[in-house]
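Below is one structure, written out as structure tokens, with a few remarks after it.
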Amino acid sequence: MNACRLTVVSLLVAAAALGADRTALANDGAVDFNRDVRPILAANCLTCHGQDAAHREADLRLDRLESADDARGAEAVIIPADPPGSELIARITASDADQRMPPADSGKELTPAEIETLHRWVAQGGQYEQHWSFVAPQRPATPQVADAAWVRNPIDAFVLARLEREGLRPSPPASAQALARRLALDLTGLPPTVEELAAFEAAAASDPAAAYANEVERLLASPHFGERWARTWLDAARYADSDGFEKDKPRFVWMYRDWVINALNADMPYDQFIIEQVAGDLLSDATQDQRVATGFLRNSMINEEGGIDPEQFRMEAMFDRMDAIGKAVLGLTVQCGQCHSHKYDPLEQTDYYRMFAFLNNCDEAQMSAYTAAEHAEWAATRRLIARLEAELKASAPDWQARMAAWEQTEQLQPRSDAARSSSQGNPTSASNWTVVKPVLDASGGQKHYLLEDGSILAAGYAPTQHTTEFTVEVKSPARVAAVRLELLNDPNLPHGGPGRSVYGTCALTEFKVDAAPLDGSAKAEGVKIARATADVNPPGRPLDAIYDDRSGKPRVTGPIEYANDGNELTAWGIDMGPRRANTPHNAVFVLEKPLEVKGGLRLTFHLVQNHGGWNSDDNQNHNLGRFRFSVTDAENPVADPVPAAVRAILAIPPDRRTPEQADEVFGYWRTTVPEWAETNRRLEALWQSHPRGTTQLVLSERTTPRQTHRLERGDFLKPAEPASPGVPAFLHPLDEPKASAGPTGGAKGAVRPNRLDFARWLVDRRSPTTARAIVNRVWQAYFGAGLVTTPEDLGTQGALPTHPELLDWLAVELMDSGWSLKHIHRLIVGSATYQQSAAVTPELLARDPANELLARGPRFRVDAEAVRDIALAASGLLYRKLGGPSVYPPAPEFLFQPPTSYGPKTWNHNSGPDQYRRALYTFRYRSVPYPALESFDAPRGDVACVRRVRSNTPLQALTTLNEPLYVQCARELARRAIAEGGANDEARLAYAFRRCLSRPPSAEELAVLADFLARQKARFRDGGADPQPLIADGDAQAAVADDRAAAADLAAWTAVARIVLNLDETITKQ
Amino acid sequence: MAGAPSHLELFDNKPVLAKYDGSLPPAELIKDYRAAFINPNSTLMGPKFKFARYGQSGAELSELLPHLSTAVDDVAIVKSMVTTAFNHAPAQIMMSTGSQQFGKPSLGAWTLYGLGSESQNLPGFVVFSTGAKGPSGGSANWGSGFLPTVHQGVQLRTSGDPVLYLSNPPGVDDRLQRESLDVINALNRRQLDVMGDPEIATRINSFEMAYRMQASAPEAMNLADEPEHILKMYGAEPGKPSFANTCLLARRLVERGVRFVEIFHEAWDQHGYLVPDIKRNCEVTDQPSAALVKDLKQRGLLDETLVIWGGEFGRTPMVQGDPNDAGAGRDHHPNAFTMWLAGGGVKGGVTLGESDDFGFNVTRDAVNVRDLHATILHLLGFDHARLSFKFQGLEQRLTGVEPARVVHEILA
């Protein structure tokens, strides 16, 4: 329910006032099409006379001069140099309301100044120019300036040339201390430590320029550089640690976050940085890191609420990926193309779906990934395994012959004696089983897809305790004696499945079968299962804690009998330890009495899956992921004990096998050799130590391409004509794909371009927007606003660059440097422009409130994460560990419980040092953002964000004043001031001040603080206030001195430290 | 009313549906229809409660809404709502932001952007959650999207600190807080003199407003000073979090200049146990909802306060589960549902629109979510086509680019 209060309303319509002064004509009266005319046409005409044919009126388009196949161009209504004779001018000046454009009912109206501009433009020839950002940047000449001495690098020449044109002077340079803090915040997101500051000051005293240059290099090489700049990219990559939507379950993508940090620290060339994120999996011999990089596209939200059609939300994710590539890489808005052709930019709806086609061929894969330590540990274990296996071989010189003999029988041996006798001809085991495919309907919570091989893939909502039913019609064989259930891998499942649990495992509580004749002559009846076998039969063991259903009952997983014992507390489990759990498995259920098929049989398989946890809104399911049913008429079949991977190798002639394949066969065969039991036991223990790893959201290309269609109005239920992979005509062309293109390569000769070709196209030197977009955002991070203030849109509706040549120069410089972002950072912080003082006079403020002309240094409140990090760093609490899973600093528990959160969420508050990690590592739930970050404008990761808004609100004040971790920072800063600050209170105050602001207090500031300190000391000492609550640690360890005076002093110092931490300057870069 | 209340049990009386109880729906009705959980070809289930006509206007309501029935002449009932989403999170986001895709500003944020706030001491857009769960769409329901974040909703609680971190930390009493602020502000003022950045002045204001909020928010949230008859009217009990308390709080906040109050009561997703659960929901929500309208009216505030009641979609006339069991329920249904509005320039006693005999499709005066938003904005004094914000090269609007109409039939 909403209730909202009206007041007398004055309409506040957002006008496009921002660009007003930019559209002012140059003094000489020359009209610039891009600057002066295009914005008028775009705002007033192109909705009906643009390139979107579906909404076009009068068969006229004014986005181009020449007519196109589909409509008349502007040349039809413009006679160059003849405004009165031009219909365009006639219509916009018509006195008859029926004639006048734009029409009254459009709500649009041209101002006299706009009419005048159009008039003048036609008078000057009425020519069109290509939009600036659709032409690839060329290196512009560095302009000549009067005050050449001010120029440190070409950036300054461009900035100064503009200032001189405007009759303005740059500001003086900032102080060494101010620069040290500015640099540290910009390059690492952390203030300098007092030690770093002292070293810099000492160096700067003798040679300021060298000291500054060295400081820049030191900070660029700091691992914190990657953390700080990763955060900016992660906004664009809409990184979050949860799925979003209703369930908003935790997800595993932190390795992607770490990949970004590492790539930026290593100064990975920006073109490679993009290629790996868009198509790292398609690079030849893709590494784990390159596959993890594709998490960029997987950061889309996932909807698993009950009753969804997973395909609908896969499409939503696809739209999101297009939007992210548009904003993050191209700097263009492509979202419109989802439903219709772009109204303003020359992006047709077809173009949108052609680019979409590059991305539409992926599985939503969840690979197993391991940390470097896990990799190293397992490699060592593998060596041990190899040694033990070599010892086995050495102990039995005839092992090869014995293994060959075993293989011979295994090849011939079907899965039971009975099956062999009942089959004629060549009795291979597979031919005895007939795959039966159920007819699926879309009802129920969990959804299922029927795949081509007859297997079923579970998707969408994953209830933790439920029974799914699959009905098949059997017409042959003549009898059904047994049913086989195969569990299969699928890239879309965690760790590749075969289950849906976070480990890719599953548990089958019971397996039940009903049968009825197809003709309906009898009701369905339960069929008794005499006996069950499986390839894996783990020993019975209690469920892991994540599957706790809070029933208090002893629930276990174990051998296959558990799925046929009528006991809901027991289930067949497949978890033979990490990695080996994530392989195909099979179970065979032999019916007590074979069923005669006669005219056909309807079988219903009930998969009881009750071994998940209590909370279906969390990662607690234990469901089957991909599986397949088969039936046989063979009597007494048993499950194939040979692992599927080994079974596949056995089909290859021994002399054609690779050494790895031979080892794999040996690795299984040795387990069948009775006298090796002891070594096998040791080897088993080693396999059990395989690291669990983490499942990471990545892309993997499908072997069978999906056909992409243009979607009418973006509706996935309304596919129109097919769309083949391609790029918009207004951008640079796509190179012919190389013959070595990935698995989507089509038939011989006709190689179909794939996602890797698209990724390379995105960072092609000829791309007019890619380099501009990223240097613009780097600039934005330094100066608060980009050279184009709409970084998400460099297109025709975006803002024009304040310094177009500078933008192009930086873009070309980036590409010429081998796409080195650190090179751009070095140039920017090396410029005199950057090093100006941020102080502003009232006159300059009035002239240039947003500092677009750059006559002063940047000054603005730091980003949300840095607000937190500054407090942690200044207090000394900061735990500078890099990377790893996200952490859970203190937060009010109610946030993660209904009714604040939809479902109960896990917030494993870290009480150790992890709570003091940089805010970058704070676990990010999309539906419940971390409050201390949200109030400072951190985006929630629902969509790509390339420009944060920057607010200044009372909730921010409440956060830094009262939030427990900030108070703890104040207490810690107080302790350090007392212990490390010096001999007297003045020195200690100065020390605390310097830790936060990197400068000493002025005499006046010191006096104000000293007075406050004295008053609080007196009050706490005199019993006017109790010092204990303020100095007691949050984690309830009262580390407080018994000494009353000392306690009073610490409380007073805590109050002072809280003040310094709350100063505007503390959370500001200036 | 998150979760989607059944229009068939509350507002939209369908005697024909009762007649066809237990039979399959007409084939043409469910052609191409997608349901969330059920097979669309499930049997029809007749309405489970009795309907009667109330008030001078003779508006039809179910027996589950005895309190609303006494306020019905001040309420406009729209029986012809339609939406395009039929899963909770997207449909709630659609209702809140006009788009199924996340990242757009909410209705409350647009309102604040357009009208500003009248309160200097309280957030201008306040959100409560009172159901068994939180809203499916999460805090994106009150997000600011691409609008300045200052316009996003602030979630208040009815127990503990109403606003996060509102209370002073342990050991900081009011005097210390005040003296601390004085020093912070004094030092910031000095810095303002040196740097000349007006943002510092804004920071000083923010700290002062935060301090005022520390006093005013608890005062606004304290129901103990409400007279007994008012508490009774809502069924509110001070200190016991409830939907009733929250309705009363909404009135108190609106009186104090809060521009937009939104209460999420996520409780209506009756896939099963429709009869007992919807009954219990109505026992909790009917009286306070009606009381809010009546209380605003008796204070002369109803003409300037718009009250909107509704969920994100409706429910199927087809049964979910065993129709003969108490566990029977209804699935999600976007094609027809009911909302009501009162006050703020809405004509009372109006019932707009009609659905077919099964409550399945709207047959007259369809009102889609854009139309609803256009109408709300109109009541707030805006032309929905002109309340816009430039982002990604477009003049973005709550009602998007598709046509939307102001539903003049329900305007006074």
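Taking the range B:1-66 and the helices (runs of 4 or more DSSP H) fully enclosed by it, the elements with 2 or more residues that are free of Cβ contacts under 8 Å to residues at least 40 places away in the same chain are at B:15-19, B:27-30.
Has the range B:116-132 got any residue that is over 24 Å from B:Thr246 (Cα atoms) and in contact (Cβ under 8 Å) with a residue 12 or more places away in the chain? No, the range B:116-132 has no match at all.
When residues in the range B:145-165 are screened for being surrounded by 22 or more Cβ atoms within 10 Å (Cβ to Cβ) and under 24 Å from A:Ala970 (Cα atoms), 3 of them pass.
Checking each residue in the range A:224-258 for being among the aliphatic types (A, V, I, L, M), touching a helix residue (DSSP H, G or I) at 6+ places or on another chain (Cβ under 8 Å) and within 14 Å of chain B (Cβ to nearest Cβ) picks out only A:Ala236. Check A:Ala1018, A:Ala970, A:Ala1003, A:Ala1010 and return the single one that is within 10 Å of another protein chain (Cβ to nearest Cβ) and modelled with pLDDT of 95 or more. On inspection, the qualifying residue turns out to be A:Ala970.
Among residues of the range A:975-998 that are closer than 27 Å to A:Val862 by Cβ, those with a beta-carbon under 8 Å from a residue that is surrounded by fewer than 19 Cβ atoms within 10 Å (Cβ to Cβ) and small (Gly, Ala, Ser) at least six positions away or on a different chain give the pairs A:Arg976/A:Gly876; A:Gly981/A:Ala987; A:Arg988/A:Gly982; A:Leu989/A:Ala1010; A:Ala990/A:Gly982; A:Tyr991/A:Gly982; A:Arg995/A:Gly876. Selection of the range B:78-104 for residues being assigned to a loop (DSSP other than H, G, I, E, B) and at pLDDT below 95 yields B:Thr84, B:Ala85, B:Phe86, B:Asn87, B:Ser99, B:Gln100, B:Gln101, B:Phe102, B:Gly103, B:Lys104. Can you confirm whether B:Phe128 is of a type in the set (A, V, I, L, M, F, W, C) and more than 7 Å from chain A (Cβ to nearest Cβ)? So B:Phe128 passes the test. Being modelled with pLDDT of 95 or more and more than 21 Å from B:Gly153 (Cα to Cα) holds for only one residue in A:Arg924, A:Arg994, and it is A:Arg994.
Let's see how each residue does on (1) buried (at least 22 other Cβ atoms within 10 Å of the Cβ); (2) not in a helix (DSSP H, G or I):
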| site | (1), (2) |
| --- | --- |
| A:Glu196 | no, no |
| A:Ala199 | no, no |
| A:Ala213 | no, no |
| A:Trp229 | yes, no |
| A:Leu234 | yes, no |
| A:Asp258 | no, no |
| A:Asp285 | no, yes |
| A:Val292 | yes, no |
| A:Ser300 | yes, yes |
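Within the range A:890-918, being assigned to a loop (DSSP other than H, G, I, E, B) and within 14 Å of another protein chain (Cβ to nearest Cβ) holds for A:Pro890, A:Ala891, A:Pro892, A:Gln897, A:Pro898, A:Pro899, A:Thr900, A:Ser901, A:Tyr902, A:Gly903, A:Pro904, A:Lys905. Checked against the criteria, A:Leu190 counts as touching a residue at least 40 places away in the same chain (Cβ under 8 Å) and either out of contact with any Pro (no Cβ under 9 Å at 6 or more places or on another chain) or not in a helix (DSSP H, G or I) (or both). Selection of the range A:444-471 for residues being assigned to a strand (DSSP E or B) and within 29 Å of the chain's Cα centre (by Cα) yields A:Gln446, A:Lys447, A:His448, A:Tyr449, A:Ile456, A:Leu457, A:Ala458, A:Ala459, A:Gly460.
The set of residues from the range B:182-197 being without any contact (Cβ under 8 Å) to a residue 12 or more places away in the chain, part of a helix (DSSP H, G or I) and at the interface with another protein chain (Cβ under 7 Å from one of its Cβ atoms) comprises B:Val183, B:Ala186, B:Leu187, B:Arg190, B:Gln191, B:Val194, B:Met195. Looking only at the range B:131-146, which residues are modelled with pLDDT of 90 or more, closer than 16 Å to A:Pro899 by Cβ and more than 7 Å from chain A (Cβ to nearest Cβ)? Within the range B:131-146, B:Asn141, B:Trp142 meet the criteria. Of all the criteria given as (1) among the β-branched types (Val, Ile, Thr); (2) in a loop (DSSP other than H, G, I, E, B); (3) closer than 23 Å to A:Ser368 by Cα, the one not satisfied by A:Val642 is (3).
For beta carbons closer than 8 Å, sequence separation of 6+ or different chains, a first residue in the range A:140-154 that is farther than 15 Å from A:Pro170 by Cβ and a second that is modelled with pLDDT under 95, there are no qualifying pairs.
When the range A:919-934 is filtered for residues that are more than 8 Å from chain B (Cβ to nearest Cβ) and in a loop (DSSP other than H, G, I, E, B), the ones remaining, listed by number, are A:Phe923, A:Arg924, A:Tyr925, A:Tyr930.
Within the range A:744-788, the set of residues being β-branched (Val, Ile, Thr) and at pLDDT below 95 comprises A:Thr744, A:Val751. On the stretch given as the range B:365-399, residues that are outside any strand (DSSP E or B), facing chain A (nearest Cβ under 10 Å) and not aliphatic (A, V, I, L, M) total 6. The conditions are (1) closer than 30 Å to A:Arg580 by Cα; (2) of a type outside the set (A, V, I, L, M, F, W, C); (3) in the same structural domain as A:Thr294 (by TED's automatic domain parsing), and A:His732 fails exactly one of them. Which is it? Here A:His732 clears every test but (1). Within the range B:310-364, which residues are among the β-branched types (Val, Ile, Thr), surrounded by fewer than 24 Cβ atoms within 10 Å (Cβ to Cβ) and within 14 Å of another protein chain (Cβ to nearest Cβ)? Within the range B:310-364, just B:Val319 meets the criteria. In the range A:804-816, is there at least one residue being small (Gly, Ala, Ser) and away from every other protein chain (no Cβ under 14 Å)? Yes, that holds for at least one residue.
Per the listing B:Ala236, B:Ala217, B:Ala210, the residue uniquely crowded, with 16+ Cβ neighbours inside 10 Å, touching a residue at least 12 places away in the same chain (Cβ under 8 Å) and within 26 Å of B:Asp174 (Cβ to Cβ) is B:Ala217. For the range B:164-178, the set of residues classified as more than 7 Å from chain A (Cβ to nearest Cβ) and either closer than 16 Å to B:Phe128 by Cα or in contact with a Phe, Trp or Tyr (Cβ under 8 Å, 6 or more places away or on another chain) (or both) consists of B:Gln177, B:Arg178, listed by residue number. Scanning the range B:39-62 for residues that are surrounded by 17 or more Cβ atoms within 10 Å (Cβ to Cβ) and among the basic types (Lys, Arg) returns a single hit, B:Lys48.
Please name all residue pairs, on different chains or six or more residues apart, with Cβ atoms under 8 Å, provided the first residue is in the range A:1020-1032 and is β-branched (Val, Ile, Thr) and the second residue is in a loop (DSSP other than H, G, I, E, B). So the pair list comes out as A:Ile1031/A:Val1040; A:Ile1031/B:Gly171.
The values are calculated or read from the model by the stated rules, or taken from the named source; none is laboratory data. All of these numbers come straight from a predicted model, not from anything done at the bench. Neighbour counts are summed over all protein chains in view; Cβ atoms, including those assigned to glycine, are modelled from backbone coordinates with ideal geometry.
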